[in-house]
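The next block holds one structure in the form of structure tokens; read it before the comments.
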Amino acid sequence: MQVLNETGPVLLYDGVCNLCNAAVKWVLRHERNQQMRFAALQSDFGQAVLKENGLDLKQLDSMLVVDDGRVLMRSDAALRMAEIVGGPWRLARIFRIVPKVLRDWCYNFVAANRYNWFGKEESCLLPQPEWRDRFIDLQVGNRLASNRD
């Protein structure tokens, strides 16, 4: 499975993290072009991306953005997400002038504390019906279910 060939940008997020789920909902509400798609890191698609890139979910505390065959992590992923959302959020790219090591230190600090500060769910987010077509594993599951009929 060549997951990096997936069309359009994909946001991979920790499906049980309340902060990550809030970020997904924020993108869904604010993205102008509705091109971003989503998959939990715990999903089959998320696991395939991690495997193809030599990453381990147990050691990962970052969301990822897969875009144009690249996998972006930490602050790079957050800034790319803001650019994709568009509108005034594109101005976030100004933070690229901040050295990556400093941006990632801030990102890592929040990531290390996200469960304590924002909480954790027992299972992954189930999107509202109007958003389901933007979630990759739900599309795959729907295609498999329709092929069985």
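With a cut-off of 8 Å between alpha carbons and a minimum separation of six or more residues, what is the relative contact order of the chain in percent?
On the way: 182 pairs, mean separation 45.7, N = 149.
Relative contact order for the chain comes out at 31 percent.
For L91 and D133, calculate 0.36 nm times their separation in residues minus their Cα-Cα distance, and state this gained length in nm to one decimal. Before the final figure, lay out each step's value.
Numbers: separation 42, 0.36 × 42 = 15.12 nm, distance 2.81 nm.
Between L91 and D133, full extension yields an extra 12.3 nm.
Looking at the chain, which Cys residues are left with no other cysteine's beta carbon under 4.7 Å from theirs?
Isolated Cys, the chain: C106, C124.
For the chain, what is the mean residue ellipticity at 222 nm derived from helices alone (per DSSP H run of n ≥ 4: -39500 (n - 2.57); sum divided by total residues; nearest 500 deg cm²/dmol)? The partial results should precede the final answer.
Working: 5 runs with 66 residues, N = 149.
The helix contribution divided over the chain gives -14000 deg cm²/dmol.
With 10 angstrom as the radius, rank Y13, Y115, Y107 by how many other C-beta atoms surround their C-beta, starting from the fewest. Intermediate results must be reported in sequence, preceding the final value.
On the way: Y13 28, Y115 15, Y107 21.
So the ranking, lowest neighbour count to highest, is Y115, Y107, Y13.
More than 22 Å apart: what percent of Cα pairs in segment 3-142 qualify? Walk me through the numbers before you get to the answer.
Working: 3357 of 9730 pairs.
Percentage above 22 Å: 35.
If the label point is 7 Å along Cα→Cβ of V98, which residues in segment 57-77 have backbone nitrogen under 12 Å from it?
Inside the label zone: 75-76.
With +1 on the Cβ of every Lys and Arg and -1 on the Cβ of every Asp and Glu, and nothing else charged, how large is the dipole of segment 3-142 about its Cα centre, in debye rounded to the nearest 20? Kindly include the intermediate steps, with their values, before the conclusion.
On the way: 18 positive and 17 negative charges, 112 e Å.
Charge dipole, segment 3-142, about its Cα centre: 540 debye, nearest 20.
So for each of 30-39, 91-100 I average, over its residues, the number of other beta carbons within 10 Å; can you give me the resulting order with the highest mean first? List each step's numbers first, then the result.
On the way: 30-39: 17.0, 91-100: 11.4.
Ranked by mean Cβ neighbours within 10 Å, highest first: 30-39, 91-100.
Counting other beta carbons within 10 Å of each residue's own, what order do D14, D44 fall into, fewest first?
Working: D14 25, D44 15.
Least to most surrounded, the residues fall as D44, D14.
Values in this text are rule-based calculations from the coordinates and carry no lab data. Model, not experiment: these values are computed from the prediction. Note that we place each Cβ from the backbone using ideal geometry, even for glycine, and neighbour counts take in every protein chain shown.
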